[in-house]
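The values are calculated or read from the model by the stated rules, or taken from the named source; none is laboratory data. Computed from a predicted model, the values in this text were never measured in an experiment. Every residue, glycine among them, receives a Cβ derived from its backbone with ideal geometry; neighbour counts consider all protein chains shown. The area values use the complete protein model at the heavy-atom level, side chains included, leaving out ligands, DNA and RNA. Shrake-Rupley method; radii C 1.70, N 1.55, O 1.52, S 1.80 Å.
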Amino acid sequence: MTAESNLVPMRIPETLSSDRLLLRPWRLEDAAFAFDLYSRWEVARFLGRTPAVMTDPADARRLVARLTALEDDLRCFRVAELAASGEPVGTVMLQPIPASGPSEPLRPSGDTEIGWHFHPGHWGHGYASEAAGLLLDTALADGLPRVVAVTYPGNTASQRVCERIGMRHLGQSDAYYNVRMELFAREA
Ligand SMILES: CC(C)(COP(=O)(O)OP(=O)(O)OC[C@H]1O[C@@H](n2cnc3c(N)ncnc32)[C@H](O)[C@@H]1OP(=O)(O)O)[C@@H](O)C(=O)NCCC(=O)NCCS
């Protein structure tokens, strides 16, 4: 299998529904929610190569605009809101994951990663597992052959989400992002 062969165009519906959640695209009015989410260290501490909290609400507006513009048939960014009230509780995403390497920007690995960021006020209710499981099942059913997830070794909550949505733990890996992480994968 070549490095590129796991990247196939996706047709994820704009909205997806589970028992308790609606997954829908980001809207500019979600910027306040994005700031409330990413300005918290308990959320930011496990995100990105150099974790940092967001400190400027303008960054949240730029982020939402960027996610909306980035969306294409290889990338999918969805807000998870409570079906009953419309309150946003988190976000799930699928996107090409960069391979480790010497040059910046890092080149695509040929794999797609799934991720999830939920508001601490809503942790522990199974929302991350419900939203991520729905997105993962949809992508695999749609023809994506393989999806990976990487977590920092200390991120046990996220590792539980991986297990709950049927991803296999492949041990530690430094194949992506130039960072050693716990690697999980699920094949169609
Ligand atoms: C990871 C995260 C999305 C989990 O959200 P959640 O809605 O609480 O997840 P769920 O309710 O679906 O629970 C998943 C599992 O994690 C466990 N869990 C939740 N919070 C936990 C914590 N602080 N420590 C350890 N386990 C935790 C739950 O008990 C559950 O495990 P179980 O099946 O054994 O009961 C949330 O903690 C988060 O957004 N963290 C910050 C961002 C982040 O780390 N994203 C992932 C980057 S790889």
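Observations
- With all pairs of separate Cα atoms included, the range 91-150 yields a Kirkwood hydrodynamic radius of 12.9 Å.
- Entry note, the chain: relative contact order of 22 percent, from Cα contacts under 8 Å with a spacing of 6+ residues.
- The range 24-50 residues near the modelled T156 label - backbone nitrogen below 17 Å, point 7 Å along Cα→Cβ: 46
- Solvent-accessible area per residue in the range 85-188 equals 41 Å², computed with a 1.4 angstrom probe and all protein chains kept.
- Taking one quarter of the surface of the C-alpha convex hull of the range 33-114 gives a mean projected area of 6.5 nm².
- Max-minus-min Cα coordinates of the range 79-188 on each principal axis give 47, 32, 25 Å, with the largest extent listed first.
- Size of electric dipole in the chain: Cβ of Lys, Arg +1 and of Asp, Glu -1, about Cα centre, debye, nearest 20: 260
- Segment E187..L170, full-extension length gain: 4.9 nm, with 0.36 nm per residue of separation and the alpha-carbon distance subtracted.
- Globularity index of the range 11-166 is 1.00 (Cα radius of gyration / 2.2 N^0.38 Å, N = number of residues).
- Rounded to the nearest 10 Å², the accessible area of V43 at probe 1.4 Å: 10
- In range of the label at L74: residues from the range 5-23 whose backbone nitrogen is under 13 Å from the point 7 Å along Cα→Cβ: 5-10
- Surface accessible to a 1.4 Å probe, W26 within the full protein complex, Å²: 20
- Computed over protein heavy atoms with a 1.4 Å probe, the carbon and sulfur contribution to the accessible area of the chain reaches 53%.
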